[in-house]
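Below: the structure, in structure tokens.
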Amino acid sequence: MPSGLKRIHLDETESTNDICLNELNNSDIPILVTADMQTKGRGRNEKEWNSPKGNLYFSFGFTRHNLINGLSVKVGLILAESLQQILKKNVLLKWPNDLFYLNKKVGGILVETSSMNNIFKIVIGIGVNLQLSDSNKQWGNLEINTDIDKVTEQIIEMLSSKLFVFLEDDLDEDWSNRWTNLCIHNEKEIMLESNNEELFFMGINHDGQLIGKKKDDKILFVNESSISF
Ligand code: BTN
């Protein structure tokens, strides 16, 4: 665990993102909150995040004077590369920040920000389904059958260290190529859910924007939407 990072672990909580935001209201020290399970886990687009025991619930909070371009997209790459390194499984990315394994979503990222007097409190919430019981099998998971506590701790260690370094140095220049190489819908037809527009996915740029080619060959840069493919 990086020194200078405060860590809180809870057996159960409503949402690790809430605990993290609360902590940042009282202190500027970067904070990591993890939990065994959540009772009111939140996903993107006001969806619920199903959070039974046996999975990763991880929130990393910090304070800054500026926002980071493409933050959640960059975090997706850090997460996918960490999971590949630890689990040796083919974990892939779907824009903007979903994690896929065997064609099912297994993880996601919810970045929440509050600001006052030009100081931003930023929380990166990460949920990854590591193993699920039969009653939850409609969701994808990484099918971890070995010592789940050990694997979870390895992921938490690697993620928090990489995020800590990332906040200091940002990612290398080639990050968007690395992202595109792990993308499950690269060079495929996709549809923007915000307006049902169909595009040919060409990759992402340095700000994490989607680069899409329209039917009339015009190039479009997209900031925030969900896509289907
Ligand atoms: C998504 O919709 O894809 C994002 C899911 C993010 C879930 C994580 S679990 C830890 C943190 N706490 C929450 O309530 N949500 C995030």
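The values are calculated or read from the model by the stated rules, or taken from the named source; none is laboratory data. This is a predicted model, so every value here is computed, not measured. Each accessible area value is taken on the protein alone, full model and side chains, heavy atoms only, with ligands, DNA and RNA left out. Shrake-Rupley method; radii C 1.70, N 1.55, O 1.52, S 1.80 Å.
See the values below:
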| read-out | value |
| --- | --- |
| Bins of 10 Å from zero: percent of alpha-carbon pairs in the stretch 186-228 | 31, 63, 6 |
| Helical mean residue ellipticity (222 nm; -39500 (n - 2.57) per DSSP H run of 4+; nearest 500) of the chain | -8000 deg cm²/dmol |
| The chain - accessible surface per residue (Å², probe 1.4 Å) | 51 Å² |
| Violating pairs (Cα-Cα greater than 29 angstrom) within the set LYS40/LYS188; LYS162/LYS218; LYS6/LYS40 | LYS40/LYS188; LYS162/LYS218 |
| Rounded tilt (10° steps) of 71-87 against the dominant C-alpha axis of the chain | 70 degrees |
| Zero-based 5 Å bins, Cα pair distances in the stretch 150-208, whole percents | 4, 15, 15, 18, 16, 13, 13, 6, 1 |
| Whole-Å semi-axes of the ellipsoid equivalent to the stretch 82-203 (Cα gyration tensor, √5λ, descending) | 24, 23, 16 |
| For the chain, convex hull of alpha carbons as volume per residue, Å³ | 129 Å³ |
| Helix 16-26 vs. the chain, principal-axis angle (Cα, 0 to 90°, nearest 10) | 70 degrees |
| Residue order for MET1, MET37 - accessible surface, 1.4 angstrom probe, largest first | MET1, MET37 |
| Compactness relative to 2.2 N^0.38 Å, alpha carbon Rg of the stretch 13-143 | 1.05 |
| Whole-Å semi-axes of the ellipsoid equivalent to the stretch 98-148 (Cα gyration tensor, √5λ, descending) | 32, 11, 9 |
